[in-house]
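Reviewing the structure listed below.
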Amino acid sequence: MKEEIVIAGFGGQGVLSMGKILAYAGLMDNLEVTWMPSYGPEQRGGTANVTVILSDAPISSPVLDSYDTAVVLNQQSLDKFEAKVKPGGTLIYDPSGIHRLPGRTDITVVSVDAMTAAIELQNSKTYNMILLGALLACRPVVGIDAVLRGLKKTLPERHHHLIPLNEQALRKGMGLVGDK
Amino acid sequence: MEEVKLMKGNEAIAHAAIRYGADGYFGYPITPQSEVLETLAELRPWETTGMVVLQAESEVAAINMVYGGAATGRAVMTSSSSPGVSLKQEGISYLAASELPALILNVMRGGPGLGTIQPSQADYFQATKGGGHGDYHLIVLAPASVQEMADFVALGFDLSFKYRTPAMILADGIVGQMMEKVILPEQRPRRTDEEVRAQCPWAACGRGNRDHKNVVTSLELDSAKMEVNNERFQATYRRIEENEVRYQEYFTDDADYLVVAFGSIARICLKAIEDARAKGLKIGLLRPITLWPFPTTRIAELSKQVKGMLTVELNAGQMVEDVRLAVEGAVPVRHFGRMGGMIPNPVEILDALASNFDELKL
C-alpha cells in the first residue's frame, strides 16, 4: 500500500494540520510516513499545501510531481493540482469559492461542501476534520480509530475534551461522501 | 522497545542534542531552522540535564559563545541557515584554527544574499572548502532523513571531539521542515567536570592540579610555529580522509550510469531511479553522507564501471567539481540543478539523464 496525497488551500484553512493528523494516524497504524509542508509566509493568508505519503514500505522521495489523491480548497489549488492527479486517482474539492469546476473524466471527482457542514456543527474549526472524514471515506488508507488514537496521543490533555467534537466532524465528513 | 515519534528534522536536532548530553546551544532564529531553538526553549533542558540554551543577540555572538564554551572542553553547538552561517564564518575559522570541537547546523535556504526561505544546497562550496579564511576543513555530514538529523548530532559531536575540529551538519529546508518517523537515542548524562578534564587535557577550564595553564588561541605570530600548526591541522585532515568517509549506494552493482546526489535530493533521485529501473534503465545512485571527507576513492572505482555520471544538486553545480576531480576525466560527468529554492521532481531528473546521455532516452 502506498498513498500519495496533496492537500492545498488558503493558509488558515487547516491544510497543514489536516495533513499532520493524517500523518499521525499513519504512525498509529505502523505505516511509513512523510509530511512535507510548504512553509513560510504562505502559512498566513497565501496558498499553503502539504504532501503526505503513507506507505507500508520505506518512502524515497518526499517531493512528488503527481498524486493519488488531491484535496483542494480554493480555485488556485484546484487549478494547480487537478492536472497532477494520477489517472484513476481522486480529486476532492470544496465547492465554496470555486467558479471553474474540475473537468477531468479519468479520475474520481468528489465535491464536499465542508463549509456548510462546519456551519451546521456551529464550529468553523471543524472544517478540516470534516474534509479528512470525506478523504477517508473516499480513500480508507487509515481508520477513524487511528485518527482518534493519534489525536489522543498528540493533543495536550487539556484539549482532550475536544476529541468527541472532532470525531463528530470526521463522521459528518464521511457521511457527506456516503450521500452521493 | 524504543518509541517511534513523528517530528520535523529541526525538532529532531533539538531532542537529539539534549539526549546526547550537550552542554550548550547558542543560536539566533532564521527560517527554515527556527524550530531548533523553539523546540529547545519548549523542552527546557536547563531544568533537567543542565544544558544551556541561549538566544544570542546575533549569529556572530552565537558562534563566539560556541568558541568560548568549546574552549572549556564542553559539547556546544549552534544552528542557522545560509545568510546566518555566512555571518558565522569568522568564528568557524577561529574554531578550526584553535582545534576546538563544536557542532554547527546549516539548514540551507536559497541564496545568494538574503535570497529565499525555500530549500537549497548552494552552500556546498562554503561548507566543504573552508568557508572562512585560511586552510581548514570542517567534517561535513549531509542528512537525508529526519532519522539522520537525529543521528548526526551524536556522530558530529563524537567526530568533532575525536579529531578536535568543528563538524557541520549540512541540511536543507526539506529535511529541516519535513516530518517523518524517528527513533531518538537514549538520554546520556552530560559529562562531569572531572570527565571533561580527563578527556580534554587541552581545555581552558581552570588550572586545578595541572602544572601549567592551558591557553586556547588561534594567534601565532612566529611564522615558523604557525607553519607547524598548519602542518598539524593538515595531518588531522589526512587522518579524517583515511578513516571517516561515509556514503550509501543504491543499485550500483550493475549500473551503467551513476547519479551522485546528497541530502534530501538523493531521495528524489532514488525515486527517479526506481522509475527508470522499472523501464529497464540500469542507473545507480551514490549518496555521499560525508561531503568532506568526500567519497573520492569509491567514485573513482565506479568510473571504471559506468559510462557517465550526473550530479543532481540544488545549486548551479558545486559537488559536480569534486566528482570530476575523483573521476579524472575517465567518463563524462554532468550536472543538473535547480536554484533559488526550486526543487526538481523525479520526472525532471529522468529528463536530465536522458538529455545528457543518449542511451538513457526512452
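A few comments on the model shown:
- The number of residues in the stretch B:141-190 being outside any helix (DSSP H, G or I), of a type in the set (A, V, I, L, M, F, W, C) and within 14 Å of another protein chain (Cβ to nearest Cβ) comes to 6.
- Flag if B:Gln126 is farther than 27 Å from B:Glu313 by Cβ and of a type in the set (S, T, N, Q): no
- With respect to the conditions (1) within 14 Å of chain A (Cβ to nearest Cβ); (2) part of a loop (DSSP other than H, G, I, E, B), B:Val107 lacks only one, and its number is (2).
- Note on the stretch B:339-362: residues that are touching a strand residue (DSSP E or B) at 6+ places or on another chain (Cβ under 7 Å) and either surrounded by 19 or more Cβ atoms within 10 Å (Cβ to Cβ) or assigned to a loop (DSSP other than H, G, I, E, B) (or both) amount to 8.
- Number of residues in the stretch A:80-118 that are aromatic (Phe, Trp, Tyr) and either at pLDDT below 95 or farther than 17 Å from A:Met129 by Cα (or both): the value is 1.
- Of all residues in the stretch B:259-295 being of a type outside the set (A, V, I, L, M, F, W, C) and at the interface with another protein chain (Cβ under 9 Å from one of its Cβ atoms), the one that is surrounded by the fewest Cβ atoms within 10 Å (Cβ to Cβ): B:Glu274
- Looking only at the stretch A:143-177, residues that are in a helix (DSSP H, G or I) and under 17 Å from the mean Cα position of the chain (by Cα) come to 19 in all.
- Residue in the stretch B:110-125 that is surrounded by the most Cβ atoms within 10 Å (Cβ to Cβ), counting only those that are away from chain A (no Cβ under 14 Å) and either under 14 Å from B:Ala171 (Cβ atoms) or among the charged types (D, E, K, R) (or both): B:Tyr124
- The stretch B:243-305 holds strands (runs of 3 or more DSSP E) entirely within its bounds, and those carrying 1 or more residues that are more than 20 Å from the chain's Cα centre (by Cα) map to B:247-250, B:257-260, B:283-288.
- Only a single item in (1) under 23 Å from A:Ala8 (Cβ atoms); (2) of a type outside the set (Val, Ile, Thr); (3) in contact (Cβ under 8 Å) with a residue 12 or more places away in the chain is not met by A:Pro140, and it is number (3).
- Cβ pairs under 7 Å, 6+ apart, first in the stretch B:203-219 and under 18 Å from B:Thr165 (Cβ atoms) and without any contact (Cβ under 8 Å) to a residue 60 or more places away in the chain, second hydrophobic (A, V, I, L, M, F, W, C) and part of a loop (DSSP other than H, G, I, E, B): B:Asn214/B:Trp202; B:Asn214/B:Ala203; B:Asn214/B:Ala204
- Reported count of residues in the stretch A:44-79, each being of a type in the set (A, V, I, L, M, F, W, C) and over 16 Å from A:Ala134 (Cβ atoms), is 8.
- Verdict on A:Thr51 being facing chain B (nearest Cβ under 8 Å), outside any loop (DSSP other than H, G, I, E, B) and either farther than 28 Å from B:Ile30 by Cα or of a type in the set (Ser, Thr, Tyr) (or both): no
- Put simply, of A:Val85, A:Val72, A:Val142, A:Val109 the only residue that is within 14 Å of chain B (Cβ to nearest Cβ), surrounded by 14 or more Cβ atoms within 10 Å (Cβ to Cβ) and not aromatic (Phe, Trp, Tyr) is A:Val142.
- In the stretch B:143-162, the residues that are farther than 12 Å from B:Ile13 by Cβ and touching a residue at least 12 places away in the same chain (Cβ under 8 Å) reach residues that are among the β-branched types (Val, Ile, Thr) and assigned to a helix (DSSP H, G or I) with C-beta atoms within less than 9 angstrom, at least six apart or across chains, in these pairs: B:Ala144/B:Val175; B:Ala144/B:Ile265; B:Ser145/B:Val175; B:Leu159/B:Ile240.
- In summary, B:Phe336 fulfils each of the numbered conditions (1) closer than 18 Å to B:Gln126 by Cα; (2) touching a strand residue (DSSP E or B) at 6+ places or on another chain (Cβ under 6 Å) with the single exception of condition (1).
- Every residue from the stretch A:1-33 that is within 11 Å of chain B (Cβ to nearest Cβ), part of a strand (DSSP E or B) and surrounded by fewer than 20 Cβ atoms within 10 Å (Cβ to Cβ): A:Glu32
- Meets criteria (out of contact with any helix residue (DSSP H, G or I) (no Cβ under 7 Å at 6 or more places or on another chain) and modelled with pLDDT under 95) for B:Thr116: yes
- When B:Val312 is tested against the conditions (1) more than 24 Å from B:Val175 (Cβ to Cβ); (2) in a strand (DSSP E or B), the lone failure is (1).
- Within the stretch B:153-164, the set of residues being hydroxyl-bearing (Ser, Thr, Tyr) and touching a helix residue (DSSP H, G or I) at 6+ places or on another chain (Cβ under 6 Å) comprises B:Tyr163 only.
The values are calculated or read from the model by the stated rules, or taken from the named source; none is laboratory data. All of these numbers come straight from a predicted model, not from anything done at the bench. So basically every Cβ, Gly included, is an ideal-geometry build from the backbone, and we count neighbours across all protein chains shown.
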